[in-house]
Each structure stands twice: as C-alpha cells, then as structure tokens.
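S.K.: One structure is given below, represented as structure tokens, and several questions about it will come after.
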Amino acid sequence: MGGFFGAVSRRNIVLDTFFGTDYHSHLGTRYGGMVVFDAEKGFERAIHHIDNTQFRTKFEPDLRDFCGTSALGCISDADPQPLLVRSHLGIYAISTIGIINNANELIERYFSDHGHQFMAMSSGKVNATELTAALINEKDDIAEGIRHAQELIEGSMTILVLESGGTIVAARDQMGRLPVLLGRDQDGYCVSFESFASQKLEYENIYELGPAEIVRIFPDHFDILSPRRETMKICAFLWAYYGYPNSDYEGVNVEVMRYRNGESMARTEMENGTLPDVDYVAGIPDSGVPHAIGYSNASHKPFARPFVKYTPTWPRSFMPIHQEERNRIAKMKQVPVNELIKDKKLLFVDDSIVRGTQLQETVSFLYESGAAEVHMRAACPPLMFKCKFLNFSRAESEMDLLARRVVQELEGDEGQKHLEEYADARTERGQCMLKTICEKFGFSSLGYQSIDEMLKAIGLDKDKVCTYCWTGKE
C-alpha cells in the first residue's frame, strides 16, 4: 500500500510533514520519502529503505538540512519516491499510490519511437510514479496531465505533485478507492490520507476530495481544478483492515465500524444458533481486536487477551520479504498469558484471512499453550480475488489466497466456476469449504462475516464501496 502527507504554509512546514508522514507508517514497510521546497534553495529530497528501521529513525538526521514552506512525504510499498521531474511543465516532485495494470503497454507506447527511456529498477520493472509523470508530461499543464494519466491507467492512481512555486496539486483516483483529505490551520493547509494525522498536528479537517477531483493547494486557500465524479468505489478493506482506528473515511469512523461489524457477526450467530460456548472472545492483534470487542459485547462473552505481541523490538511481523521469516517473527512476538489459555475454550476474531500462513502458526501456538478449543471468525468474507487496484497484499496470484487454494483442492478448475457459492456459508459448497479449512488448521469452528452485513456495518451505499477482492465484480 502507501500513504502520504503534504503541507503548504506561511511557516516552515518540515516538522509537520515529518510527523504527518510518520503517522502513515502502518500503510507500508519498504520506502519512505520526503521532499521540501524553499523559494531560495529549491527542492531538497531524501528517500530511505524502512523495511527494517522505522521512518522516524531514518529521517531524523535529514531534518537538520530541510527547510521550506511546502513539502510532501510518502510511505510506499511499491517504488522509491517521491521523484523529482524536470520537463516542459517545470521542475516538480511527484508521489503516487496505486497500481498500473497496463504498464507494459504504456511503456511500449514510449519505446516505440525510440525517443524515450525509463530508469529500470533492480527487478527490471519501471517505477510506476515515473511512468505516471511521463503521462502527465504529455499535456501542457499539470491538471490536464493528471486527468490524461488517470484516464490511460488501468488500475488506480492517487497523485500528489509539489510544484516549483511551492503549491501542491492533489488528485484522488478516478473511482475514489482511497481517501484524500484537506486540513487547515492558521498558517496554511495540509493534505493527508489518514484524517487523524492532520488532526494530531492541529489542523482542522475541512474537505474530502471526491473521485477524480483535483485541487491546487496554496497557503491561504485551495482551488478546484477538476470537479469530482459522482461514481465512487471506495475500498471496503480500509475499514476491515488497513485503515487506522482513529480515521474517518466518507464520514465513517474505522473503530466504530469494526465494533458494529463484530456485533453483527455475534447477533447473526445467536439468531442462527451457531454461537459456540466459549470462555473468552479475543482479537488477533491489532486490527482484529475492535471486531472482537464488538463480538464480545453483543454475545455477552467476556473479552480477554490470551496472548499479547511483544513490539518494542519487533514492531511489525510483515517486515521481512520472505514469508518464512515473517512467520518466524510473528511467532517470536506472540507471548502467551497462560492463565487465559490453558484448558480454555477461545474464540478469536481476525480482520481477514488472506494466505493463512501466520494464522496456522497462531493456532498451533495456542494449542501448544494448552487451549481446549480454538474457534475462529473472520470479520469479512473469504478473499477470492487478488486486488487489481491497490497494493495492500503481497499475494502474487489468486492461488496464494487460502479460500481459492481450498476451492482448487476440493473441486479443481470446476470449483473456480462456483466461487460465489463457496463464499456463502449457507450453501453446501460454502459449508464444505469451512469444514475443510477447520480440518486443515485445527479450528473447533470457523465463520466468515457476510458481504451484506459487512457493508451494513460500513453504512455507505453499497454501490459506492469496492468489494472486488470478495466478489470479483468491479
């Protein structure tokens, strides 16, 4: 995934951008970047790897050299950025979040006349931000170029540009899959992915960009360069998993949605008579915890933390590139509270079940610690499709997804024709998938939240929410 924070002000804005970007560290683990503009010095930029060291630690030394009244920072799981670009549009810095599914076709378009080249990364791929900038540069102004790039890109692209005059141009992606929010204080404006980041820096959140909307931000106002579109498909996984608890998207708070979602799961089980008799309800840290609190509140089963994560030296279990190492680190972090596990019947709520590799380690760890029963609930439906709009999962193919692998094991290619049935626990195929996963992992029982109930917990018009990873429908 990725996150961003930028600001334009009448004062030195470096620290605001530093802290604002750091507040987006939960959205990526590979690269961090900052660029600052000063009327006398011009642009100053730094990019660092943050896969084993936090953003704050890497960038603190750079703060001594940074000074400016406009800046932007980013967290990226995709490419090193922000980039500095020099073209007929002037010198500008650019940062993006998204996926370009037709990158090869767009690159071929440039290579075909032998007049262009791109810097290749070690993987041989082209930096998506550089390709986006090349598309922008085909037009005569930044806003027209952004519209042009977004129309050509198959996938999704949110764009921030820091111009040489010190203004920032912010563009939400065509379908509004990710949020872009503006905040204001007495000296200027900020633009942020997470609403809480600007609030913590004492900005008042005043405006949320609509799908495809483009704005130019000045110290004392902002101009709308391209109007919002009515059609929106904001990512539902923002609420289910990767959005920060304090943030609001389209007026819906993440933490509150997760409470509602957990309550809905428990009520459904109570109505269906499938609520298990357990000693404690718990969440798989961290984002599963609020779903579990909601489940506990509605089911009247006590909430507990049978294990805690040791985070002072291992802040993230998904830092390493290799899955085997990530699994080992996840296991090292899990410290049991034996009095809450031994001989106890436990129900855990996880935000989602993606590949299932770390979940397997967790269940084994619980049984090794003496648990009598381990029931599992997922706060969203079975993931059936790899997202083609955002980089929030390292799944290389759809067969990396647990549900798809199980379907293939059960029926082979024929099963892939019946994914909607498998995703519905009320069907024979759905029950068969649940039973198979239970046997594979050793769960005492397993349940997934339904798509309809998850959407009710979000509370937006279902036509405005993207559920592609569960339904395969755009």
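S.K.: Determine ³J(HN,Hα), in whole Hz, for all residues of the range 277-292 in sequence, where each value follows from phi through the Karplus function 6.51 cos²θ - 1.76 cosθ + 1.60 and θ = phi - 60°; x replaces Gly and Pro.
M.R.: 7, 10, 7, 9, 10, 9, x, 6, x, 9, 6, x, 4, x, 4, 5
S.K.: What distance in nm separates the simple spin-label points at Asn338 and Gln360, each placed 7 Å from Cα in the Cβ direction?
M.R.: 2.8 nm
S.K.: At Glu411 and Thr436, where each label point lies 7 Å from the Cα along Cα→Cβ, what is the point-to-point distance in nanometres?
M.R.: Inter-label distance under the simple model: 0.9 nm.
S.K.: Anything over 31 Å Cα to Cα? Flag those among Lys41/Lys139; Lys301/Lys456; Lys417/Lys440; Lys41/Lys388; Lys344/Lys440, in the order listed.
M.R.: Over 31 Å Cα-Cα: Lys41/Lys388.
S.K.: Taking 1 over the mean of 1/r across every pair of different Cα atoms in the chain, what Kirkwood radius in Å do you get?
M.R.: Radius from the Kirkwood sum: 23.4 Å.
S.K.: Measuring from label point to label point, each 7 Å out along Cα→Cβ, what is the Thr274 to Arg228 span in nm?
M.R.: 3.7 nm
S.K.: What's the percent breakdown of Cα-Cα distances in the range 61-110 across 5 Å bins, shortest bin first?
M.R.: That works out to 4, 14, 15, 22, 25, 9, 4, 6, 1, in percent per bin.
S.K.: Could you compute Rg(Cα) / (2.2 N^0.38 Å) for the range 252-471, with N its residue count?
M.R.: 0.98
S.K.: Compactness ratio of the range 343-452: Cα Rg over 2.2 N^0.38 Å, N = residue count?
M.R.: Here the Cα radius of gyration is 1.07 times the empirical estimate.
S.K.: Related question: Length gain on complete extension for the stretch Glu474 to Ser87, per 0.36 nm per residue less the alpha carbon to alpha carbon distance?
M.R.: That works out to 135.8 nm of additional length.
S.K.: Where the convex hull is taken over the Cα atoms of the range 2-232, what is its projected area averaged over directions, in nm²?
M.R.: Quarter of the Cα hull surface area: 11.9 nm².
Here, each number is a calculation from the coordinates, and none is a lab measurement. The structure displayed is predicted, hence computed values, not measured ones. Cβ atoms come from the backbone with ideal geometry, glycine included; neighbour counts cover every protein chain shown.
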